[in-house]
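Please treat every number below as a calculation from the coordinates, not as lab data. All values derive from a computational prediction rather than experimental measurement. All Cβ positions, glycine included, derive from the backbone under ideal geometry; neighbour counts span all protein chains shown.
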Amino acid sequence: MAIKNITVLGSGIMGHGIAQVSAMAGYKVNLRDIDQKFLNKAMQKIKWSLEKLTEKSKITKMDAEKYINNITPTVDLKTATKEADLIIEAVPEDFNLKKKVYGELEGLSSENTIFASNTSTLPISELSSLTSRPQKFIGIHFFNPPQLMKLVEVIPGIGTDEIVTKELTAFVKSLNKQPVICKKDVSGFIVNRIFIPLVHEALYSLDRDHVSMEIIDSAVKYKLDFPMGIFELADYTGLDVIYKASFEMNLRDKNVLRMHPSVKVLFDKNELGQKTGKGFYTYQGENYERINLTPEKASQYDISSILGVAANNASWLLENEVCTKADLDTALKLGMGMKTEIFELVSKNGTEKLVRHLLELEKCEGDFYKPNDYLRSIV
Ligand SMILES: NC(=O)c1ccc[n+]([C@@H]2O[C@H](COP(=O)([O-])OP(=O)(O)OC[C@H]3O[C@@H](n4cnc5c(N)ncnc54)[C@H](O)[C@@H]3O)[C@@H](O)[C@H]2O)c1
């Protein structure tokens, strides 16, 4: 089926960006929200973004007008979904709300319409069972901001037709994005399964090793080739996003992360990172600020625990055939900005040493650290 008409449900952080990139790829987009004021704000943001692209000569004024005309904002669900070939749902991450939204869609769109959820953490198969079309239901996980982030995880549920996965993958490519297939509907999919547990592990490292956050972050940046430190990245992402994702992931799979209480403490205190001026670090103004991380500070810290947890989860994904190694590397590069492939880092740091370190942690702090069989097999 050729996808021409898209409906995006929810015009917030993700929805307006998804609408914009779809419109820029030539699709006709109905953008739906529950109140006109949200749609006005979303259209304003899209116009601002297109103006920036015009100023930078990336697109012409005529292009910008054409893209805007490709988007119809509406609060009317029936009008929004009537002609949709693909409905992308980007309403807040709340299972009961999503359940209500999928309930409202029943009977409104053609039986051929594909439903795709942009959920970060909810199980695709469970969401699909809320509809009468699990075979035409799929996860399409864009990263924030969708206008800039190249990566999109495509996640078929248990009942998703293979052809739907192919169509959605082709759709993602048509947006000039890079799809990776998360072949199994696992907690955290690919990127969050690696990233979120590291925030908790960095906190345990702090407790265990009595060093400063800057020292751990410097080691993450300079020894693991991350674009920034892990506490810094958590502050940038938002402690609300991290806490909610951790909670949902932990609910589905107890082995994926070792919950550290400080994440909830910060969330409860509304210390959410950059956006509230305080999270792990304190920030001065509204502008984005970088923490002073240096190679010298990095040299003071052995990064084995953090790399070990990342490598263990990466190994789990490969062992369970959730994704190919090529897709894992692409996802970590484009989703987390990792400049070096994870198993290259493992090998550089000494695989045997890393496994020994994990065995030691397993002995002292429990099963969570048990080295994965795949990781042991590459020693
Ligand atoms: N923010 C991120 O970094 C990020 C990244 C990847 C995926 N996601 C996922 O994307 C989804 C949306 O997140 P967000 O950050 O854009 O949320 P958001 O709160 O910024 O936006 C959600 C929008 O949905 C609207 N909405 C509420 N009920 C609705 C309904 N019944 N019909 C249509 N619209 C409705 C809200 O008014 C709001 O404008 C979530 O599932 C989230 O997990 C978020």
Q.
Just the residues that are over 17 Å from Leu122 (Cα atoms), outside any strand (DSSP E or B) and under 18 Å from the mean Cα position of the chain (by Cα), please, taken from region 177-201.
A. Lys177, Leu198, Val199, His200
Q. Taking the condition more than 10 Å from the ligand (Cβ to nearest atom) and touching a Leu at 6+ places or on another chain (Cβ under 8 Å), does Ala19 pass?
A. yes
Q.
For region 232-255, check the following and say yes or no: at least one residue is within 15 Å of Ile306 (Cα to Cα), among the aliphatic types (A, V, I, L, M) and not in a loop (DSSP other than H, G, I, E, B).
A. yes
**Q.** region 256-273, subset within 17 Å of Ala202 (Cβ to Cβ) and not hydrophobic (A, V, I, L, M, F, W, C), residue surrounded by the fewest Cβ atoms within 10 Å (Cβ to Cβ)
**A.** Pro261
Q.
Give me the residue from region 210-247 that is touching a Pro at 6+ places or on another chain (Cβ under 9 Å) and within 16 Å of the ligand (Cβ to nearest atom) and, out of that set, nearest to Pro92 (Cα to Cα).
A. Ser246
Q: Find the residue count for region 63-100, including only residues that are near the ligand (Cβ under 9 Å from one of its atoms), among the hydrophobic types (A, V, I, L, M, F, W, C) and out of contact with any Gly (no Cβ under 9 Å at 6 or more places or on another chain).
A: 4
Q) In region 111-138, what residues are farther than 26 Å from Tyr243 by Cα and in contact with a helix residue (DSSP H, G or I) (Cβ under 9 Å, 6 or more places away or on another chain)? A) Glu111, Asn112, Thr113, Ile114, Phe115, Thr131, Pro134, Gln135, Lys136, Phe137
**Q.** Contacts under 6 angstrom Cβ, first residue in region 227-256 being under 12 Å from Lys275 (Cα atoms), partner of a type in the set (Gly, Ala, Ser), 6 or more apart
**A.** Asp235/Gly273; Asp235/Gly279; Gly238/Gly273; Leu239/Gly273; Leu239/Gly279
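Inspect all residues belonging to region 80-89 and state whether any of them is at negative phi and either surrounded by fewer than 14 Cβ atoms within 10 Å (Cβ to Cβ) or in contact with a Cys (Cβ under 6 Å, 6 or more places away or on another chain) (or both). Quick ask: steps written out before the conclusion?
Taking region 80-89 and keeping what is at negative phi, we get 80-89.
Filter once more, so that each one left must be either surrounded by fewer than 14 Cβ atoms within 10 Å (Cβ to Cβ) or in contact with a Cys (Cβ under 6 Å, 6 or more places away or on another chain) (or both): none.
Checked region 80-89: no residue is at negative phi and either surrounded by fewer than 14 Cβ atoms within 10 Å (Cβ to Cβ) or in contact with a Cys (Cβ under 6 Å, 6 or more places away or on another chain) (or both).
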